[in-house]
Amino acid sequence: MKFSCEKALLQSAIGTAARAVSPKSSIPALEGILLEAGNDLRLTGYNLETGIRTTVPAQIEQGGSLVLSARLFGEIIRKLPDDVVVFSADGYMVHISCGMSHFNILATDPEDFPELPSVEDKNGFTIKQNALGSMIRQTLFAVSDNESRPIHTGSLFEVDSTGVTVVSVDGYRLALRHESIEESGGLPSYSFVVPGAALNEVEKICSDVDDPATVTQGERHVLFRIGDTMLVSRRLEGEFLAYRNAIPRNNTIQVVGETRKLLASIDRVSLIISDKLKSPLRCIFGDNVLSITTKTGIGDAADQCPIEGDGGGLEIGFNNRYLMDALKAAPAEKVRLELTSGVAPCVILPAEGEENFLYMVLPVRLKASE
């Protein structure tokens, strides 16, 4: 096995594949990256749940395959000078040279590296990379970390004639993003759930470009193909929350606010809240003004934010972080907040245009005012 490759390209490919490498595994090969030199150079990381394979341009003189420690290989390439890396292997002894730097390290048998699952093309769709990345980023924060309901540790993908919808829930909040896609008119309706950990990596692989990404649903796995990289993940099995029934839509109170101003007000009041000093935000929706207060062991804080509409003096409590997460993710300059009572959820939607996002935050019970 012998090839040469630009250091920056190789370093980037290692960084991508290494995201799916097990830091510790009962199978030592899974702590490494599988290198395969054929028509091109392929690098694969796999932790038995998620696999990432990426292709990098290289001048290949002799084909072959082997497994190298992801940590050591990554550190060596990262610290080499910016030049062409020359890589050769004699059996399991690997020689890496670049400029005046030389390393000889041991590789392991590629036969010990489990094969990535093959994903048969059951259903699939194509979407722009930047759209897929933003959909994941703007819903991932609401994925549950509670293993008692494993299905909610992932996001639901629903594909139908209107496009693609991604939904995350964690028992306290819900995040939904919708995008129309070109071929959706002829697509069958189907859905699948992808683990949050895998989606976190998909989001990092997506670039802010209009280039296409394809998503393929298999029997047990799902495959994301993004540029020169593919990620395969197991699907989560189980019954996802019937989220449409959980979202109240006939809300009697509707007010509009500027996302940036709402965030700034909540952020200021939140300065006296910490992990040790927890306290809900007390929100009072008045006539064209939202008053926010909180009180902890170190003091109290109050702020007001202009809104459009009359909340009728509704008083409701929220976890500050949950409300901020939803507003930070909202891809709109103005949002509409829909409410009914102090014990019903708050629904956050775009103030105008297509409803391409929806966030729902459950209220926190407030203690009697002091």
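Some values worked out for this structure:
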{"read-out": "Cα long-axis angle, helix 7-18 against the chain (0 to 90 degrees, to the nearest 10)", "value": "60 degrees"}
{"read-out": "Length-normalised contact order of the chain in % [C-alpha pairs under 8 Å, at least 6 apart]", "value": "13 percent"}
{"read-out": "For segment 164-233 and segment 3-49, distance of Cα centres in Å", "value": "23 Å"}
{"read-out": "For the chain, calculated [θ]222 nm from helices alone, where every DSSP H run of n ≥ 4 adds -39500 (n - 2.57)", "value": "-5000 deg cm²/dmol"}
{"read-out": "Three-way shape label, segment 237-331, alpha-carbon gyration tensor, a/c 1.5", "value": "oblate"}
{"read-out": "Size of the chain as Cα extents on the principal axes (Å, biggest first)", "value": "77, 53, 36"}
{"read-out": "Which of L337, L366 is most accessible, then next, and so on - probe 1.4 Å", "value": "L366, L337"}
{"read-out": "Under 17 Å, Cα to Cα: Lys pairs in the chain, sequence gap 8 or more or different chains", "value": "8"}
{"read-out": "Amide H within-cut-off set for V364, under 5 Å, with H built and near neighbours excluded", "value": "G317, F318, N319"}
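The values are calculated or read from the model by the stated rules, or taken from the named source; none is laboratory data. Everything quoted here is computed from the prediction, not taken from an experiment. Please note that ligands, DNA and RNA were not included when accessible areas were found on the heavy atoms of the full protein model with its side chains. Shrake-Rupley method; radii C 1.70, N 1.55, O 1.52, S 1.80 Å.
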